[in-house]
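Let me begin by presenting the structure, written as structure tokens, before commenting on it.
Where a number appears in this text, it was derived from the coordinates with a stated rule and is not lab data. Since the model is a prediction, treat every value here as computed from it, not as a measurement. Methodologically, a virtual Cβ is constructed for each residue, glycine included, from the backbone with ideal geometry; neighbour enumeration extends over all protein chains shown.
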Amino acid sequence: MLTSIAFILITIISVFLFYLATDRSKLVLVFFPIWGGIVAILSYVGFYKNLNVFPPRFLLILIPVTLYVIYFYRKIDIPPTKIPYLLAIHGLRLPVELVLYSLFTMGQAPIVMTFSGWNYDILVGITALLLLGYTLATKKQFQRQFFLIWNVLGILFLTTIVSIAVLSIPLPIQQFGFKQPNMAVISYPYALLPAIVVPIVLLSHLYSLKMLSHLK
């Protein structure tokens, strides 16, 4: 129960920080409550847990997420002054990893998805909080090369855990977690992780890289 409440709070905070980072975009304000509400209701009634249909219902999360990430990336530009908000979003990766570990202890996710397995995304969360503290204290911008490398590594870590998570779901493509599969991301409220939290984190990296490309 506490894990669920903590995760819902993380999701709400991630959307709020993204809303601030996008300079209070009305698109963000309208889209995420509607999309999140749809995914929350479907996951609550067990829609995504039906694994005996083809194509898998989990695709009804992955496909819309792919489309809206592309759309948001093209539609919205974020100025360098909003970097603290983006770093704060990445800082949420620390409590997300604690939630994943809690889900492992509850038998809802395999250990390979945690920092005790192959998931080192917690390091990005910790360094993001350190970088946030630095930028708030000094008001200085990061060196371009350093920030580029940090964001690229962040995307690589994120891609790794997303791949492991998808390949741990009990589907024909499953490669991990056979003894304890990943049932969390097709359950309420954790389906909001691939539906909202992960895309916002990815967009935060992509916006940072877009900023750097404009500084050439």
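Using 21 Å as the Cα-Cα cut-off, could you pick out the over-long pairs in K26/K140; K82/K140; K26/K82; K26/K49? Can you show the working numbers first?
Values: K26/K140 29 Å; K82/K140 13 Å; K26/K82 17 Å; K26/K49 33 Å.
Long pairs (Cα-Cα over 21 Å): K26/K140; K26/K49.
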Most fluctuating of Q175, Q143, Q108 in the GNM of the chain (C-alpha, under 10 Å) is Q143
For the I173, K139 Cβ pair and Förster radius 41 Å, calculated FRET efficiency rounded to 0.05 is 0.30
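Could you give me D for the range 20-65, from Stokes-Einstein at 25 °C and 0.890 mPa s, where the hydrodynamic radius is the Kirkwood radius over C-alpha pairs? Units µm² s⁻¹, please. Before the final figure, lay out each step's value.
On the way: Rh = 12.1 Å.
Answer, rounded: 203 µm²/s.
Cα convex hull of the range 16-116: mean projected area in nm², to one decimal?
On the way: hull surface 32.5 nm².
So the Cα hull casts an average projection of 8.1 nm².
What does the net charge come to around D23 if you take all other residues with beta carbon closer than 14 Å to its beta carbon, with K and R at +1 and D and E at -1?
Details: positive: R24, K26, K75, K82; negative: D77.
Net charge around D23: +3.
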For the range 2-214 the translational diffusion coefficient, Stokes-Einstein from a Kirkwood Rh over Cα pairs at 20 °C and viscosity 1.002 mPa s, in µm²/s, is roughly 122 µm²/s
Evaluated at 4 °C and 1.567 mPa s, the Stokes-Einstein D of the range 115-198 based on the Kirkwood radius over Cα pairs, in µm²/s, stands at 87 µm²/s
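What is the calculated FRET efficiency for D77 to M106, with r their C-beta to C-beta distance and R₀ = 30 Å, to the nearest 0.05?
Working: r = 41 Å, r/R0 = 1.36.
Working from the Cβ atoms, E equals 0.15.
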